[in-house]
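Working notes, beginning with the structure itself.
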Amino acid sequence: MKILCVDDEICILKSLRRLFRMAGYKIATASSAQAGLDIMAEDSAISLVISDYQMPGANGVSFLREIRRNWPETGRFLLTGYADKQEMSLAIADRVIQRLIDKPWQDDERLASVAQRLGPPATGTLFRLSI
C-alpha cells in the first residue's frame, strides 16, 4: 500500500514523507493537483491520497473529487489550515473527503488515522514519535 501526498509547499511534503517512511509506509509526493493525477494514472498501488486544501490551480476538494471519480476505492484525506466550512460540509456529506487533517498536525494522530484507513505498514509495526 502506498500513500500519495499532494501539497504545493515542499517543506510539508518533506515532513509527510519523513513521517510515513519512518513508520514503514511507501509514499509518493506531488506538488500540484495535476502532478497528483499523473501519479495516480501511473501507479495502481496508491491506496490513500492526502491533499492540501489550498493549492494553485485547483483546491484540494476539487482534486479529491476527481480522485473519487476515477479511483473510487482510494482513500481521501484533506490537509488544511484553512477551509471554506460550507464547502467542507458538502464534500464530507458527498463522501469526497473521508477525513480532515488540521495543520499543524500531531504525528501520532496522523499515523493513527492512516493506520485506521490502511492498516499497519508492511513492517507490521507502528511506533510513537517523541518530539
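Where a number appears in this text, it was derived from the coordinates with a stated rule and is not lab data. Bear in mind the structure is a predicted one, so any value in this text is a computation, not a measurement. Every residue, glycine among them, receives a Cβ derived from its backbone with ideal geometry; neighbour counts consider all protein chains shown.
Tabulated values for the structure
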item	result
Potential extension, R95-M1 segment - 0.36 nm per residue separation minus Cα distance	31.7 nm
Simple spin-label estimate for Q86 and D43 in nanometres, 7 Å along Cα-Cβ	3.6 nm
Gain in span if fully extended, S62 to Q34, counting 0.36 nm per residue against the direct Cα distance	9.0 nm
Long-range amide H partners of A23 with built H, under 5 Å	none
